[in-house]
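Below: the structure, in structure tokens.
A short reminder: the numbers here are calculations on the coordinates, not readings from a lab. Keep in mind the model is a prediction, meaning the values are calculated, not measured. Here the Cβ positions follow ideal geometry from the backbone for every residue, glycine too, while neighbour counts run over all protein chains shown.
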Amino acid sequence: MQEKTYLQYSQVYGAKPDLAQLRDVLSQQDRATMLRVLSALNFSLNYLLTNPSDEAQRAAIQRFFPPSLTSAILRRGDVVFHRHQLLYLIQEAIAHCPDLDLFKQGARHMTELGDIFLIANDLLFAPVKGSSSSDSEILQLILNFVPISEANLLTNPILKMGRSHLLVTNFAEARRQSAGFFDIPLLFHRATGVHFKTFEALMAIVLTRLANVEQAKKDPTQFGVPSAYFNQLRIDQAEISSFFQMLAATPDDFAKNMNATSPRPNDFRIIRDKPLVHIGEWFFPLDAPSGVEKFESGVFWSIFGSVSAQDKNPFSSFWGYLFEDYALWLLDQSCRPPLNRLYKNPRYAQNPEQEVCDAIVICGRTALFLEMKGNVITSDAKYGADIDKLRAEMEKKYVGTPSDRKGIRQLASAVDIFVSGGKSAEIQDVDVRPISTIIPVLVTRDDFGGYFGVNAYLNTRFKEIRGAVRHRISVTPCVCICSDTLEKLTPYLTDTSLADILSSRLRNDKTLRAPFFARVGSILERKNRGGPDRQPVLLKEATFAIKDIAKEVFGITT
């Protein structure tokens, strides 16, 4: 994970800009042109693959700055352009650029735009106010870093494609005969007017058609997908229209949405909700990662918003069960004994009705107790700048109450029973006698579980709930990882102890404030032996299956 800072206007010109200055410059730019430029620039930086392109960075610097400043920036190796900045500018352009009917604004104007990007870099940080509570500082950290965590893609959006496909096609169908079943493809079609297979096929086509990064680098005003392309597909035009209602909006529609919701400066929900902008006869990707995320978020929230009030909680629970099934499958397919012995849904020998936790992984003398949580933190809690609201949401979703335990309290209870010993601690089919150390692990479907500060807060709550107890068995701090982290770790579990990986994380970040891969140490690099990170083959296979669906539905190869 690379850690970089970005060149600011104040560093170049010696004066701190303000928001009025940015909006004054934007008021002189045509909105359609700016959105096309920002769209192409965001895509050309190659953020879809979470690997920012140095070549695209250099090309953009040369395009948007005059020669003298370009030379200085390139000589110093400064970074100017990044996703957080571009998302911020997209929303500012939507709200404050007029429609000047300059659709074909010449490239000679591009060098006048450079200062806009530098000014944005000065204005991105909008600190959250704290309070007198003991946890105020860590909650402030979480809220201040939410936009940084999301905009800098600490997680891989491509993995979400495979995950969503598997949740719906494999794990939901496997529960068809179970109580509390929801027919996701049927409900999705009712909610959106788009068949689920058609949705996946169209998503694959859009992303493939947009993947002309070279064109975006050469001329950011000539980039996008023509709406006429979809007229040739073997599909009812009403379904095409319904699909784009889910994913796209015109600049005017975006502006109306912003006026109605008044998002905070780093709240990019309107872009995540509609990642494509419809200008004239073209669609442009405001943000490709947000588009990929619609594979999962579009399905869940479309159905959640359409079911009755009494079905909302049961549907959320059903989705949570699917995630648990999926996470256990990942571990089952990846763990190799004797390094990693997996026990799914273990139960107490004295009380078989009671589950210990969702999974136990035995690594030599260390036992990992895992709980999987498939629910999500609400947008209001993440983006609302209210630490009390965030605390309440995290407690509700990840901690619970003594009478309604959630992840952290479930882990604390399981650990306390185990370390107390005796017959009550015995687990069916698990030899616990060699165990000398327990690592409690919370796995969240929501990327939020991997953001800055979240693990630190949840570990503090874990320690508070357990209290100052000492036993012969050592208990480490609680580790919180999101599904993306679990997915990226799976290819290493064939020859690496999961306990060793988590222990390296604990040693390298004793405060547990940083994202997992920022402080996991060198253990994975050593396994890579100088090569690239190992890829989760299970997810890549599912992603390739989506391309096959496009061929099945439309008879075309993406």
request  = Please give the residues of the range 128-170, grouped as numeric ranges, whose backbone N is less than 14 Å from a label point set 7 Å along the Cα-to-Cβ vector of Ala545.
outcome  = 160-170
query = Given Lys312/Lys344; Lys344/Lys510; Lys373/Lys547; Lys373/Lys396; Lys160/Lys197; Lys344/Lys527, which pairs have Cα atoms separated by over 22 Å?
reply = Lys312/Lys344; Lys344/Lys510; Lys373/Lys547; Lys344/Lys527
ask   = Which net charge results when you count Lys and Arg as +1 and Asp and Glu as -1 among the other residues whose beta-carbon is under 14 Å from that of Pro17?
value = -3
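Please give the length that would be gained between Glu112 and Arg472 if that part of the chain were fully extended, namely 0.36 nm times their separation in residues minus their C-alpha to C-alpha distance (nm, one decimal). It would help to have the intermediate numbers written out before the result.
On the way: separation 360, 0.36 × 360 = 129.60 nm, distance 6.76 nm.
Between Glu112 and Arg472, full extension yields an extra 122.8 nm.
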ask   = If we count other beta carbons within 10 Å of each Cβ, what is the order of Thr378, Thr33, Thr70, Thr496, fewest first?
value = Thr378, Thr70, Thr496, Thr33
remark   = For the chain, longest principal axis from Cα atoms; helix 454-466 axis from its Cα atoms; angle between them, nearest 10 degrees, is 20 degrees
task = Give the cross-link partners of Lys397 among the aspartates and glutamates, using a straight C-alpha distance below 12 Å as the criterion and excluding same-chain residues fewer than 8 apart.
result = Asp446
query = Relative to the present Cα-Cα distance, how much length would full extension add between Ala95 and Gln62 at 0.36 nm per residue of separation?
reply = 9.1 nm
query = Can you sort Tyr13, Tyr398, Tyr6, Tyr326 by how many other beta carbons sit within 10 Å, fewest first?
reply = Tyr13, Tyr6, Tyr326, Tyr398
note = Percent antiparallel among DSSP beta bridges confined to the chain, nearest 5, equals 55 percent
0 to 90° range, to nearest 10: angle between helix 196-210 axis and the chain longest Cα axis = 50 degrees
ask   = How large is the convex hull of the Cα atoms of the chain per residue, expressed in Å³ as a whole number?
value = 164 Å³
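Please go through the range 415-486 and write out the chymotrypsin sites (Phe, Trp or Tyr not before Pro) that DSSP classes as loop and that have at most 14 other C-beta atoms within 10 Å.
On the way: sites: Phe418, Phe448, Tyr451, Phe452, Tyr457, Phe462; in loops: Tyr451, Phe452.
Passing both the DSSP loop test and the Cβ count: no residue.
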ask   = Lys256: which lysines have alpha carbons under 16 Å from its alpha carbon, excluding same-chain residues fewer than 8 sequence positions away?
value = Lys274
message = Neighbour counts of other C-beta atoms within 10 Å: give me Ile270, Ile240, Ile142 arranged from fewest to most.
response = Ile240, Ile270, Ile142
request  = Within the range 516-558, find all residues whose amide N lies under 20 Å from a label point positioned 7 Å from the Cα of Lys197 along Cα-to-beta-carbon.
outcome  = 542-558
key: Spin-label model distance (nm) - Asn528 vs Ser413, 7 Å beyond Cα toward Cβ   = 4.1 nm
message = Angle check, please: helix 498-508 long axis (alpha carbons) against the longest principal axis of the chain (alpha carbons), in degrees 0 to 90, nearest 10.
response = 70 degrees
request  = Output ³J(HN,Hα) for the range 472-481: one whole-Hz value per residue in order, computed from phi by the Karplus curve 6.51 cos²θ - 1.76 cosθ + 1.60 with θ = phi - 60°, and x for Gly and Pro.
outcome  = 5, 8, 7, 10, 7, x, 6, 9, 10, 10
task = Quote the FRET efficiency, to the nearest 0.05, computed for Ser136 versus Lys396 with a Förster distance R0 of 25 Å and r equal to the Cβ-Cβ distance.
result = 0.85
message = How far apart, in nanometres, would the label points at Ala72 and Ser420 be if each is projected 7 angstrom from Cα along the Cα-to-Cβ direction?
response = 6.8 nm
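What is the gain in length, in nm to one decimal, between Gln350 and Ser297 on full extension, counting 0.36 nm per residue of separation less the C-alpha to C-alpha distance?
Working it through step by step, the gained length comes to 15.0 nm.
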ask   = Taking the DSSP beta bridges in the range 327-521 as the whole, what percent of them are antiparallel, to the nearest 5?
value = 50 percent
